[in-house]
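Bear in mind these aren't lab numbers, they're just calculated from the coordinates by the rules spelled out. Remember, it's a predicted structure, so these values are computed and weren't measured experimentally. Glycine gets a Cβ as well: all are built from the backbone with ideal geometry, and neighbour counts include every protein chain shown.
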Number of protein chains: 2
Amino acid sequence: MIDCGEGAQTAFARQGLNMNRLGHIFISHNHGDHVFGLPGLISTMGLLGRTADLHIHGPQQMEEFMDVVLRIYCEGMTYKVIFHSVDTTRHQIVHQDRSMTVWSIPLNHRIPCSGYLFRETPPQPHIRREMIDAYDIPFSQINNIKAGASWVTEDGTIIPNERLTTPPEPPRSYAYCSDTSYLPTLPELLKGTTLLYHEATYPQELLARALETCHSTAHQAALIARDAGVGRLCIGHYSGRIKDEAAHLREAREIFTNTILADEGLVLKL
Amino acid sequence: MIDCGEGAQTAFARQGLNMNRLGHIFISHNHGDHVFGLPGLISTMGLLGRTADLHIHGPQQMEEFMDVVLRIYCEGMTYKVIFHSVDTTRHQIVHQDRSMTVWSIPLNHRIPCSGYLFRETPPQPHIRREMIDAYDIPFSQINNIKAGASWVTEDGTIIPNERLTTPPEPPRSYAYCSDTSYLPTLPELLKGTTLLYHEATYPQELLARALETCHSTAHQAALIARDAGVGRLCIGHYSGRIKDEAAHLREAREIFTNTILADEGLVLKL
């Protein structure tokens, strides 16, 4: 889960999601609209008897709030909440498991703020069944070949790995960049990301307001997407001043066609 | 406002209520489901540019949470939040203005907990227009007569106030009692209350569970209403274990007929 605004626990119920499947929560920055759902979510999972550790990653600034919430409201809970401080000034690995690696993305907001980049562990290549049969390669060797090994026939001929396999699908990736002013350093970090979520708080005509509050315009979000060559851009975090969402979307699409608007409950497949 | 669970600010919007009309919030006790809506509500009113002071009354135990929230998330807000510590062991006036007096009600929960009793300031009696005309009483005397004065005619006859006025409607009152175990001392404090909200977390068949968790059953809530001779009882704060709300209501109505079930968005007129 990324960020946790007020009402997150009821959103889980509304979406038919099981909050106990949550292992890690990544928080971008210590503003209320990104953290005020944590106390309720954490204590409700306690009431439901959760036992698995919950890891929360976020800027050091949120630790004091977490400490008070855990000490005052979560006494005697059946599971542990483990906080991991994220250095918001660096692009580095903050979490890794078998399926993915999570990187921090330094953003520029009024307070320390980090985006997150989720990179799938590169899938293994596909075995070419007909080649395995042709060379009579035993089943025990399949994993080695998936891992890159070539095959040596009885007469010493080397069958290179590329002939035994077809390349895997490219690894998928998702980047979350909110809240931030326009940051020209971002595209370099986001090269080729499958899906980019980038905040677009204001339209370009309120650029001065965006600069003042360290937010981005739809136009700027699209520049980042274009310069990073991402697959798709999803914009969100709109200001209450945006009355015409279609116009907001058009502004972004003028720069980067493959843009969609974020919406409550929207589900995207990578 | 009484108590402030997570999502309170969105409930205001859903009900079409203006949160800036809030002057005082009364919190019963420092459990998450009664306070986790405060950070969002307070900071959103700040973003909306509220200027009027907001008074929060509640047990001293919640002050540390409030302090952290205000210090970390509400810096530079355009209005002040003033916390008033409520002594949860005493029945005393915690707030008074021209229209009402608010009393604390000592409750018995797992942590210090206070109910609240809202008593309307007794309305003034109604002037009997025909008597005013008959005795030719000048307009300037009306307020004195409303306040209880009698009238002396030119020949010295005293017309007692009771002949010049009809009694006002009885003052209305509302009592909020949640969370609490069954407290036989309550009826004495709640005598004749117009509307009583009393928690009814469990059905009587889970009495042991109610005792253990310091909650009440529907049966017990109705006993309080009956013994206090209240006008109407509203029960709520149901456990997730209550699948049959109609049965829960029947259990209370066996003791006290004029009982209704609380529900999200329910509006009651006193």
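Given the protein assembly as shown, what percent of its DSSP beta bridges are antiparallel, to the nearest 5? Here the antiparallel bridges make up roughly 45 percent for the protein assembly as shown. Normalised size of the protein assembly as shown, defined as Cα radius of gyration per 2.2 N^0.38 Å with N residues, equals 1.34.
In terms of its C-alpha gyration tensor, the stretch A:22-88 has a prolate overall shape, because the principal axis ratio a/c (a ≥ b ≥ c, square roots of the eigenvalues) is not below 1.5 and a/b outweighs b/c. Each Lys or Arg adds one and each Asp or Glu subtracts one; over the other residues with Cβ under 9 Å from the Cβ of A:H34, this totals -3. Legend: mean number of C-beta atoms from other chains within 10 angstrom of residue C-beta atoms, peptide B:69-80, equals 2.
Per residue of B:7-19, other chain Cβ atoms within 10 Å of the residue Cβ number 1 on average. Taking Lys and Arg as +1 and Asp and Glu as -1, the other residues whose beta-carbon sits under 14 Å from that of A:C4 total -4. Could you give the distance between the Cα centres of the stretch A:199-270 and the stretch B:219-256, to the whole Å? Computed from Cα coordinates, the inter-centre distance equals 51 Å. Other residues with beta-carbon under 13 Å from the beta-carbon of A:P59 carry, at +1 per Lys or Arg and -1 per Asp or Glu, a net charge of -3.
The phi torsions of the stretch B:105-116, fed into the Karplus equation with coefficients 6.51, -1.76 and 1.60 and a -60° offset, translate into couplings of 10, x, 10, 10, 10, 6, 10, x, 8, 10, x, 9 Hz, rounded to whole numbers, with Gly and Pro shown as x. Each copy carries a label point for A:P171 at 7 Å from Cα along the beta-carbon vector; from one copy to the others these points are 7.2 nm apart, nearest first.
DSSP finds beta bridges in chain A, and of those with both partners inside it, around 45 percent are antiparallel. For the pair the stretch A:165-198 / the stretch A:82-135, the C-alpha centres are spaced 11 Å from each other. Rounded, prolate or oblate: which fits the stretch A:131-204 when a ≥ b ≥ c are the square roots of the eigenvalues of the alpha-carbon gyration tensor, with rounded for a/c under 1.5 and prolate only if a/b beats b/c? Prolate.
Counting only other chain Cβ atoms within 10 Å of each residue's Cβ, the peptide A:38-44 averages 4.
Annotation: lysines with alpha-carbon distance below 25 angstrom to A:K269 (same-chain offsets under eight excluded): A:K191. Rounded if a/c is under 1.5, else prolate if a/b is larger than b/c, else oblate: which is the stretch B:126-166, with a ≥ b ≥ c the root eigenvalues of its Cα gyration tensor? Rounded.
Based on the reciprocal of the average 1/r between different C-alpha atoms, the Kirkwood radius for chain B equals 21.0 Å.
The GNM of chain B, with springs linking C-alpha atoms under 10 angstrom apart, assigns the highest mean-square fluctuation among B:D244, B:D179, B:D227 to B:D244. Label-to-label distances for A:A52 across copies, nearest first, come out at 4.8 nm, using points 7 Å from Cα in the beta-carbon direction.
From the helices alone, meaning DSSP H stretches of at least four residues, give me the mean residue ellipticity at 222 nm for the protein assembly as shown, per-run term -39500 (n - 2.57), in deg cm²/dmol to the nearest 500.
Values: 22 runs with 158 residues, N = 540.
After summing the helix terms and dividing by residue count, I get -7500 deg cm²/dmol.
Computed from phi, the 3J(HN,Hα) profile of the stretch B:160-172 under the Karplus parametrisation 6.51, -1.76, 1.60 (θ = phi - 60°) reads x, 3, 4, 7, 9, 9, 10, x, x, 4, x, x, 7 Hz, with x in place of Gly and Pro. Between copies, A:Q141 shows label-point distances of 12.0 nm, shortest first, with the point placed 7 angstrom from Cα along Cα to C-beta.
Which whole number of Å³ per residue matches the convex hull of the alpha-carbon atoms in the stretch B:50-173? Taking the convex hull of the Cα positions in the stretch B:50-173, it is 152 Å³ per residue. Between A:T201 and A:S216, the built amide H atoms are under 5 Å apart, and every one of these is 5 or more places off in sequence or on another chain.
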